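The values are calculated or read from the model by the stated rules, or taken from the named source; none is laboratory data. Since we're looking at a predicted model, the values are computed, not measured. Here the Cβ positions follow ideal geometry from the backbone for every residue, glycine too, while neighbour counts run over all protein chains shown. The area values use the complete protein model at the heavy-atom level, side chains included, leaving out ligands, DNA and RNA. Shrake-Rupley method; radii C 1.70, N 1.55, O 1.52, S 1.80 Å.
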Amino acid sequence: MYYIGNHLPVANGYEVMAKMELELGGNTFAFFTRNPRGGRAKEIDIKDIQKFLKIIDENGFGRLVAHAPYTLNLCSDKEKTRNFSKEVLADDIKRMEYIPGNYYNFHPGSHTGQGTEKGIGIIADVLNEILSPGQTTIVLLETMAGKGTEIGRTFEEIKEIMDRVTLKDKLGVCLDTCHIWDGGYDIVNNLDGVINEFDRVIGLKNLYAIHFNDSKNECGSHKDRHERIGYGKIGAVALKRIALHPAFAGKPFILETPNDDKGYIHEIEMFKKWMEEKQ
Ligand code: FE
Ligand code: FE
Ligand code: ZN
């Protein structure tokens with residue numbers, strides 16, 4: 001089984017999102033838990049959730065990959081930002097429990113000059129405060145491009161955060177193809193090497209989801225500008241190889257490509273064609 005979908009625009013309710021994804025041809029999706037710039041989350045509507053759960057059950061959806069707001073920065077040097085981020089993270093995880101057993105992805109953070117070590121320490125401390133043994137949601141650290149003072153560009157940084165977190169079974173990784181490419185991992189010429197490196201440092205068992213993007217820039221550029229599949233520097237050949245790689249089989253693939261609906265329909269179709277060819 002394979003799971004493909006896209007990051008949906010902020011929508012009114014879960015049922016609407018599931019229906020939107022069905023129309024695009026997908027069987028998983030990502031969504032912002034609240035306005036991507038932060039702010040208040042919508043009230044949970046139990047009726048909406050029930051209708052939504054029915055749709056995803058009937059259509060065999062894979063795990064969803066919710067995305068934290070971009071403004072979240074657990075290890076900012078500003079106390080206000082740190083506190084806001086911690087509150088949002090805790091509240092989002094609670095809200096995720098209304099749709100049990102899915103994933104919640106966030107950018108580890110930017111240390112804003114305090115240094116990587118200090119940043120990693122703060123991120124791990126917050127996770128230890130917030131994660132609870134009873135939760136069904138797996139929280140995912142996203143691999144980053146290394147823009148500015150971003151933490152999580154190297155697999156080692158991700159691993160260091162994970163090592164310091166106690167509830168390890170509540171924590172995992174979301175691999176963003178554009179980000180690791182921009183971060184310096186050559187998935188075009190050395191995919192197996194990069195995957196082996198991921199396995200050696202982080203462990204493939206900790207990989208839960210893929211953000212499936214092409215990149216506007218060269219490997220190692222640290223830019224983080226996503227491109228449509230096949231129109232960027234990673235290219236369709238390499239992205240197809242990634243889609244078909246056994247290390248990623250069965251994981252939700254989420255498109256975060258600059259597209260309109262027509263573009264997403266096309267990319268989802270293309271992905272499905274690749275998977276069917278294989279069988
Ligand atoms: Fe992201
Ligand atoms: Fe991403
Ligand atoms: Zn990105």
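Every residue, every condition in (1) of a type in the set (A, V, I, L, M); (2) within 16 Å of ligand 1 (Cβ to nearest atom), yes or no:
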| position | (1), (2) |
| --- | --- |
| 172 | no, yes |
| 176 | no, yes |
| 203 | no, no |
| 225 | no, yes |
| 247 | yes, no |
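For the residues 250, 263, the requirement of being assigned to a loop (DSSP other than H, G, I, E, B), open to solvent by 10 Å² or more (accessible area, probe 1.4 Å) and out of contact with any helix residue (DSSP H, G or I) (no Cβ under 8 Å at 6 or more places or on another chain) singles out 250.
With respect to the stated conditions, residue 31 is under 30 Å from residue 246 (Cα atoms) and not basic (Lys, Arg). Looking at (1) touching a Phe, Trp or Tyr at 6+ places or on another chain (Cβ under 7 Å); (2) modelled with pLDDT of 95 or more, can you tell me which one residue 10 breaks? Unmet condition: (2). Checking each residue in region 146-163 for being in contact (Cβ under 8 Å) with a residue 40 or more places away in the chain and open to solvent by 40 Å² or more (accessible area, probe 1.4 Å) picks out 147, 153, 156, 159, 160.
The single residue among 186, 214, 199 that is open to solvent by less than 10 Å² (accessible area, probe 1.4 Å) and of a type in the set (D, E, K, R) turns out to be 214. Counting only residues that are within 19 Å of residue 4 (Cβ to Cβ) and surrounded by fewer than 17 Cβ atoms within 10 Å (Cβ to Cβ), region 23-54 holds 1 of them. Restricting attention to region 211-242, the residues that are more than 16 Å from ligand 2 (Cβ to nearest atom) and farther than 20 Å from residue 107 by Cβ total 11. Selection within region 79-115: residues that are in a helix (DSSP H, G or I) and over 14 Å from residue 126 (Cβ atoms). The member of this set that is most open to solvent (accessible area, probe 1.4 Å) is 80. You will find that of 177, 136, the residue that is in contact with a Pro (Cβ under 7 Å, 6 or more places away or on another chain) and either among the basic types (Lys, Arg) or within 20 Å of residue 30 (Cα to Cα) (or both) is 136 and no other.
Go through the residues of region 163-181 one by one and say whether even a single one is touching a Gly at 6+ places or on another chain (Cβ under 6 Å) and of a type outside the set (D, E, K, R). No, because not a single residue in region 163-181 is touching a Gly at 6+ places or on another chain (Cβ under 6 Å) and of a type outside the set (D, E, K, R).
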